[in-house]
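Since every read-out is calculated from the coordinates, none of them should be taken as a lab result. None of these values were measured; they are calculated from a predicted model. All Cβ positions, glycine included, derive from the backbone under ideal geometry; neighbour counts span all protein chains shown.
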Amino acid sequence: MVGTGPDSFDRLIRPLDELAGRCGWDVFVQLGHTRYEPRHCRYERFVKRDNLMKMIQAAELIITQGGYGGIRDALQYDKPILAVPRYPDMNESPDHQDEMVRAMEEKGYLMGLYDIEGLEVAIEKALNFRPSPRAASRIPVMLAGYVVSLQA
């Protein structure tokens with residue numbers, strides 16, 4: 001999941017697509033505004049939230065950008081998560097996502113990948129990663145309800 005923001009994330013999608021082709025992996029990508037179009041991964045630009053949550057629940061591994069939304073969604077199902085932060089100096093995001101990824105990684109909730117050259121090894125490790133148990137928070141549910149109320 002590379003999010004729905006306006007910035008492209010070719011730095012993740014291109015090598016992921018190449019690995020999927022070389023390794024024969026079945027990979028689905030919510031592409032968002034990423035310019036690169038995968039040749040080996042199934043993809044949609046934007047996925048309705050209900051469908052996205054079903055896909056996350058069924059996935060073996062979640063690879064996501066380092067933003068709050070993707071991480072929050074993946075954490076709901078206690079799936080292994082590999083989070084790749086976007087960087088402003090690479091025109092991938094207006095904010096530094098590595099701070100949140102590092103904080104969540106320190107708590108044992110996910111694995112962070114800060115150098116895309118290590119993607120294949122990180123995926124292999126992440127497949128065996130089990131997130132640390134965490135106390136359920138009502139904040140995401142409350143925020144989601146608030147956002148829905150604004151859209152009504």
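Within region 1-92, which GluC sites (Glu not before Pro) sit in a loop by DSSP and count at most 14 neighbouring Cβ atoms inside 10 Å? Within region 1-92, the qualifying GluC sites (Glu not before Pro) (loop, at most 14 other Cβ atoms within 10 Å) are 60. For residue 107, which lysines qualify as cross-link partners when the Cα separation must be under 22 Å and same-chain residues fewer than eight apart are set aside? Within reach: 79, 125. Between residue 115 and residue 26, the modelled label-to-label distance comes to 3.4 nm, taking each label 7 Å out from Cα in the direction of the beta carbon.
The gain in end-to-end length when the residue 128 to residue 103 segment is fully stretched comes to 7.0 nm, 0.36 nm per residue minus the alpha carbon separation.
In this label model, residue 10 and residue 90 are separated by 1.2 nm, measuring between points 7 Å along each Cα→Cβ vector. Given their separation in residues at 0.36 nm each and the Cα-Cα distance between them, residue 76 and residue 49 gain 8.4 nm when the chain is fully extended. Per residue, the chain reaches -12000 deg cm²/dmol at 222 nm when only DSSP H runs of four or more residues are counted, each adding -39500 (n - 2.57).
For region 44-103, chymotrypsin sites (Phe, Trp or Tyr not before Pro) meeting the loop criterion (DSSP other than H, G, I, E, B) and having at most 16 other Cβ atoms within 10 Å: 46, 77.
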